[in-house]
1. With each run of n ≥ 4 DSSP H residues scored as -39500 (n - 2.57), what mean residue ellipticity at 222 nm is computed for the chain after dividing by its residue count and rounding to the nearest 500 deg cm²/dmol?
2. What net charge do the residues around GLY118 carry, taking every other residue with its C-beta under 9 Å from that of GLY118, with Lys and Arg at +1 and Asp and Glu at -1?
3. Return the sequence-ordered ³J(HN,Hα) values of region 110-126 in whole Hz as given by the Karplus equation 6.51 cos²θ - 1.76 cosθ + 1.60 applied to θ = phi - 60°, using x for Gly and Pro.
4. Summing Lys, Arg as +1 and Asp, Glu as -1, what charge do residues with Cβ under 13 Å from the Cβ of GLU66 carry, GLU66 excluded?
5. From the residues HIS59, GLN30, ASN5, which one has its Cα farthest along the dipole of the chain in the positive direction, the dipole being from +1 and -1 charges on Cβ of Lys/Arg and Asp/Glu about the Cα centre?
6. Taking amide H positions as placed in the peptide plane 1.01 Å from N, state which residues far from GLN64 in sequence (5 or more) or on other chains have amide H under 5 Å from it.
7. Need the list of aspartates and glutamates near LYS3 for cross-linking: C-alpha distance under 18 angstrom, and skip anything on the same chain fewer than eight residues off.
8. Apply the Karplus parameterisation 6.51 cos²θ - 1.76 cosθ + 1.60, with θ equal to phi minus 60°, to every residue of region 141-150 and state each ³J(HN,Hα) to the nearest whole Hz, in sequence, with x for glycine and proline.
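Each reported figure results from applying straightforward, stated rules to the coordinates on display, with no laboratory input. A quick note: this is a predicted structure, and the numbers were derived from the prediction, not measured. When we count neighbours, we look across all protein chains shown, and the Cβ atoms used for this are built from the backbone with ideal geometry, even at glycine.
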Amino acid sequence: MPKINISELPVETGSGYPGHRAALMDGRSQVRLGDVSGLSQFGVNLVMLEPGAISSLRHWHVEQDEFLLVTQGVCTLIDDHGETELHPGECAAFPAGDANGHHIKNTSDAAAAFIVVGTRTKTETGYYSDEDMMVRLENGEMTFTRKDGGPLD
């Protein structure tokens, strides 16, 4: 496969989160490197965070592994153990089924970025540590509910 020219790929902003939660992703953008490459077994995204932005709501995956590598700036990993600064070349991993809710926040005054790689499974359940919310993936569709399966808001 030829070299991927990241600067020519579409940059996505916004979020799939329902309701007021979508606005919490302001300042976050991503380029889907795996999709444009035709990868089907795992996803690869370049996530870019402006100062103060977060990568996602704190979450964990039941079926999917997740790995990230910082490529620019300082990223602060926030998980159940507290806060850990990650610098370019440093990484973190989150095995499937480990209920350690995590996300990345850019607490610096400069742009930050990281590559995230994750398993692609036909189904998935994810839980959000700081919200009464879970997400289920089935047939390519994400459905957000309360953790007990009831409707949100």
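1. Numbers: 1 runs with 5 residues, N = 153.
Rounded to the nearest 500, it is -500 deg cm²/dmol.
2. Working: positive: ARG120; negative: ASP65, GLU66.
In short, -1.
3. Couplings: 10, 4, 9, 8, 8, 9, 10, 10, x, 4, 10, 10, 5, 10, 6, 10, x Hz.
4. On the way: positive: ARG58, ARG120; negative: GLU63, ASP65, ASP79, ASP98, GLU124.
Charge balance near GLU66 sits at -3.
5. ASN5
6. So GLN64 has HN proximity to GLY97.
7. Straight-distance partners of LYS3: ASP35.
8. 10, 9, 10, 9, 9, 5, 4, 8, x, x
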